[in-house]
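Worksheet for the structure shown next.
The values are calculated or read from the model by the stated rules, or taken from the named source; none is laboratory data. Keep in mind the model is a prediction, meaning the values are calculated, not measured. Every residue, glycine among them, receives a Cβ derived from its backbone with ideal geometry; neighbour counts consider all protein chains shown.
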Amino acid sequence: MRSILWYDWPYLIKHRSQITCLDNILLLTRGKPLTPTHLLLAIRPTDHLFTGVYQPAEGGVKSVGQVYQSSKISGAHINYLLQPEGGDTQHLVPLLEGLVKQAGSWGAKQVIADLDTDSPWFVSFRQAGFSVLAKQQVFKCLIAEKALANGENRWRRWTSGDIHAMRCLYHTLVPPLVQPVEPLTRRETLGLVYYDKKGDLQAYADLVYGPLGIWVLPVILPQAKEEIADLLRGMIEAVPDRTGRSIYVTVRSYQPWVEHALLDLSAVPGPEQALLVRYIALQQRVKAEFSFAAIENGNREPTVPYAPIKNHRN
């Protein structure tokens, strides 16, 4: 695999209708790859962006892929792949491995991709070391047509004082296996929180804005005293600065109660997807400088959960 060159761009533009976007956030907030709003990613000096091309040794069609890492999160995301009709899907494996290697050179701990569960590329991703972390579905939501039953909307923007309660809810609902990949917040903008009348946090929502849409990831307590559908309706109403943009709510499989409530709100579901991840970090043991017998339970070699693979000399 090599970096894309100037003479590859006509090939990419010619087959742009066959490009598949694998990052829901960029697709829904900035549009399809190669559109002007999407190409603006390249001018962010603090982010990493790499476009790779795989040319089979025996000739044939080229495969193109792009990987992207925001400076705000530890993982990278595959932005899009181009595998023209007639191409061998096995050629995606070295392309994906090259993209993962590039992300590892940035210090990324994992590479993520959003792939439809019925995609013919699923086998290639598995061969490249990707595994399914969770299922997900994106719903396009309309602005709520009817007001809440009690006429009150307690959703508001979060502040630094809400972080502790948000973190407790996050650790309660997001599975430990998913937490290294799904951060508490992507820190793109201030999201929303919802407290009940007793002052207990019932839900929060992470927001990402783009020129074309607003991406929302809600985390909602299933035992919330309010109806989940009412919570979601209030959340959609409370999203600030909509300016006519569409609102897209992503639901992970570990929150099925959110999916059922969105269907009750007549939200339009997208295709079912698999959240794929390829870890590019190693567990490393480190020597403890001090002993803490009271809490170690006999284990004097605590481990650091992750270390960038580029730091591993072997």
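A few points about this structure:
- Looking only at the range 53-94, and only at residues there that are more than 15 Å from the chain's Cα centre (by Cα) and closer than 15 Å to ARG278 by Cβ, the one that is surrounded by the fewest Cβ atoms within 10 Å (Cβ to Cβ): PRO94
- Matching residues in the range 149-167 - criterion: being in contact (Cβ under 8 Å) with a residue 24 or more places away in the chain and surrounded by 11 or more Cβ atoms within 10 Å (Cβ to Cβ): ASN153, ARG154, TRP155, ARG156, ARG157, TRP158, ASP162, ALA165, MET166
- Residue check for ASP196: within 20 Å of TRP257 (Cα to Cα), surrounded by fewer than 17 Cβ atoms within 10 Å (Cβ to Cβ) and either more than 23 Å from the chain's Cα centre (by Cα) or not β-branched (Val, Ile, Thr) (or both): yes
- Residues that are more than 24 Å from SER70 (Cα to Cα) and either basic (Lys, Arg) or in contact with a Cys (Cβ under 8 Å, 6 or more places away or on another chain) (or both), drawn from the range 178-214: LYS197, LYS198, LEU201
- The single residue among LEU27, LEU81 that is in a helix (DSSP H, G or I) and in contact with a Cys (Cβ under 9 Å, 6 or more places away or on another chain) turns out to be LEU27.
- Looking only at the range 168-201, residues that are in contact (Cβ under 8 Å) with a residue 24 or more places away in the chain and in a helix (DSSP H, G or I) come to 5 in all.
- Tallying residues that are not acidic (Asp, Glu) and not in a helix (DSSP H, G or I) within the range 30-50 yields 11.
- Here the condition is being closer than 27 Å to ALA113 by Cα, in contact with a helix residue (DSSP H, G or I) (Cβ under 8 Å, 6 or more places away or on another chain) and surrounded by fewer than 18 Cβ atoms within 10 Å (Cβ to Cβ); of PRO176, PRO218, PRO183, PRO211, it holds for PRO211 alone.
- Condition broken by GLN127, with the remaining ones in (1) touching a strand residue (DSSP E or B) at 6+ places or on another chain (Cβ under 9 Å); (2) closer than 15 Å to SER63 by Cβ; (3) among the polar types (S, T, N, Q) satisfied: (1)
- Set VAL61, VAL53, VAL67: member being closer than 15 Å to LEU26 by Cβ, not in a helix (DSSP H, G or I) and not small (Gly, Ala, Ser): VAL67
- Filter pass, THR37 being modelled with pLDDT under 95, among the β-branched types (Val, Ile, Thr) and in contact with a Leu (Cβ under 7 Å, 6 or more places away or on another chain): yes
- Inspection of the range 5-23 finds a residue satisfying the criterion of being modelled with pLDDT of 95 or more, outside any strand (DSSP E or B), under 21 Å from the mean Cα position of the chain (by Cα) and closer than 18 Å to GLY213 by Cβ.
- Selection count, the range 222-253, where residues are touching a helix residue (DSSP H, G or I) at 6+ places or on another chain (Cβ under 8 Å) and under 17 Å from ASN153 (Cα atoms): 6
- When the range 238-281 is filtered for residues that are at positive phi and charged (D, E, K, R), only ASP241 remains.
- Failed condition for GLU188, given (1) farther than 17 Å from GLN255 by Cα; (2) surrounded by 19 or more Cβ atoms within 10 Å (Cβ to Cβ): (2)
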